[in-house]
Structure formats: C-alpha cells, structure tokens
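Data block below; observations after.
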Amino acid sequence: MKTIFITASLLFSGTFLQAQQIDLARNAHFVKSMDEINSGKSVLKYSDIQGNPFYKNGFSEARIGDTGTTLPVRYNMYKDVFEVRNDSNIYAIPKENTFSKFVFVATNEKFILANDDEGFAGYFLVLTEGKNKLLKKIAVKFSPEVPAPNTLIPGTPAKFENQKPVYYIKTDENIIKLTKKSEDLLSALPSDKKDAVKDFIKTKKIKFNQELDLIALANFLNK
C-alpha cells in the first residue's frame with residue numbers, strides 16, 4: 001500500500017475545512033485507501049461483495065478530536081479505520097492522538113481510539129460516559145467466495161459478515177473485556193467495589209450478552 005503525505009493545503013482545502021481549522025491535519029500521515037480487497041486470486045471491489053464493511057453508508061459529518069473541527073468521514077469496520085475523501089481519492093486517517101475521537105454530528109455517536117485487552121489500538125463505540133466507560137467493539141469479517149463443488153451443491157459468494165460485538169469497561173487504569181462470566185469483571189475490580197457490583201448483578205439479573213443490561217451495569221459502576 002502506497003504511503004502518501006498529505007499537506008493541509010491539499011487535503012483540508014476549502015472542500016473540508018475553514019482556514020482556522022487547517023492546523024488539525026498539519027504534518028499528518030495519511031495512507032491512500034481503496035474500496036477493494038485482494039483475495040489472493042483476484043482483486044474484488046467492495047461493490048461486488050455482499051454485505052457492508054462500513055458503519056454508515058456514505059460519508060457523514062463528524063467532530064474530530066477535542067476541537068470544533070468537523071469533517072465528512074466514514075468508519076470502515078473491516079479495516080478499523082476512519083476514512084476521508086479528497087476529490088476522487090479516499091485516505092485512511094492515521095491512528096494518532098490528534099484523531100483519537102470522532103463524534104458523528106447527526107447522531108452524537110462517539111468513537112474513541114483505545115487499546116484492547118491485548119494491547120492493539122482500535123476504535124470503539126462509547127455507550128456510556130464517566131470514569132467507567134462502556135465500549136463496544138464492532139467489526140466485519142471478509143469471507144471469500146466458495147465455488148460450487150458440483151452442479152448439485154451451490155457455492156457461496158464473497159461477503160462481509162458482521163461479527164458479534166465485544167464489550168469492554170474502560171477505567172482510568174485499564175480496560176476490562178466483558179465475557180459471559182461475571183467473575184471475569186469482578187476479579188478486575190477494586191476489592192471495595194466487588195460486593196456491591198456482585199449484588200447488583202444478582203439483583204438486577206444482569207445478562208452479559210444484553211447491551212441494555214451492560215449499560216445499566218456501567219451506569220452503576222459510575223455511581
């Protein structure tokens with residue numbers, strides 16, 4: 001993949017930002033992104049693959065970082081990057097502190113850049129704010145075409161498949177991956193909170209595979 005250095009005057013000309021917003025992209029390192037996948041045997045356009053690799057269709061206005069700057073961006077769930085368009089080209093926005101937060105203007109949905117429990121940097125959807133943030137990791141998987149083995153058994157087309165979301169509690173100190181077992185969360189909490197959280201989970205019958213239950217749990221942790 002070819003690396004491209006985009007200057008503020010090129011990428012953030014009048015099409016995207018006002019003059020006072022140009023500092024956001026100065027010296028940023030952008031990589032050209034293509035709406036295609038090299039499957040090994042051929043190059044497939046996204047449009048030829050079933051499913052959708054993007055969180056939203058098209059580009060949507062989002063506030064960038066802690067500034068008032070807005071840009072039309074899209075979140076590529078397959079590549080786990082935010083992308084911006086300049087003329088006919090699309091560029092992946094680098095995973096840097098300057099671009100560590102994206103808030104879609106129309107829906108107020110916030111994505112932040114964080115490290116998962118294995119230390120890999122990626123973007124997470126924020127479901128609750130506070131000292132204990134509930135984060136949701138969404139992703140899609142690419143499955144290549146499987147040709148029909150014979151005339152009686154049909155093949156399957158290439159497709160993007162939504163993966164089961166993974167939830168995390170992000171504290172000031174660490175990030176806790178939530179599993180089906182409440183013990184995994186309790187073991188990571190401070191000792192003075194464990195009993196209260198355990199009682200809350202039992203009393204409210206919290207299910208760790210239900211998003212609304214996890215939101216309630218995160219709100220309780222923030223009390």
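Within the option set LYS137, LYS180, LYS133, being loosely packed, with under 13 Cβ neighbours inside 10 Å and among the charged types (D, E, K, R) holds for one residue only, LYS180. Looking at (1) in a loop (DSSP other than H, G, I, E, B); (2) in contact (Cβ under 8 Å) with a residue 60 or more places away in the chain, find the lone condition where LYS205 falls short. If we test LYS205 against (1) in a loop (DSSP other than H, G, I, E, B); (2) in contact (Cβ under 8 Å) with a residue 60 or more places away in the chain, just (2) comes out false. Only residues that are in contact with a helix residue (DSSP H, G or I) (Cβ under 9 Å, 6 or more places away or on another chain) and free of Cβ contacts under 8 Å to residues at least 60 places away in the same chain were counted across segment 137-170, and they come to 3. Residue-level check: of (1) on the phi > 0 side of the Ramachandran plot; (2) among the charged types (D, E, K, R); (3) touching a strand residue (DSSP E or B) at 6+ places or on another chain (Cβ under 6 Å), ARG74 misses just (1).
Within segment 43-65, residues that are closer than 16 Å to LYS79 by Cβ reach partners that are of a type in the set (Lys, Arg) and at pLDDT 95 or above with beta carbons closer than 8 Å, at six or more positions or on different chains, in the pairs ILE49/LYS159; GLY51/LYS159; PRO53/LYS79; PHE54/ARG74; TYR55/ARG74; LYS56/ARG74; PHE59/ARG74.
When you scan segment 71-94, how many residues do you find that are open to solvent by 10 Å² or more (accessible area, probe 1.4 Å) and under 14 Å from THR107 (Cα atoms)? The total comes to 2. Scanning segment 184-196 for residues that are within 27 Å of LEU113 (Cα to Cα) and either open to solvent by 100 Å² or more (accessible area, probe 1.4 Å) or of a type in the set (A, V, I, L, M, F, W, C) (or both) gives LEU185, LEU186, ALA188, LEU189.
The values are calculated or read from the model by the stated rules, or taken from the named source; none is laboratory data. Here the structure is a predicted model, which means the values were calculated and not measured. For neighbour counting, all protein chains shown are included, and Cβ atoms are generated from backbone atoms with ideal geometry for every residue, glycine included. Heads up: the accessible areas ignore ligands, DNA and RNA and are worked out on the full protein's heavy atoms, side chains in. Shrake-Rupley method; radii C 1.70, N 1.55, O 1.52, S 1.80 Å.
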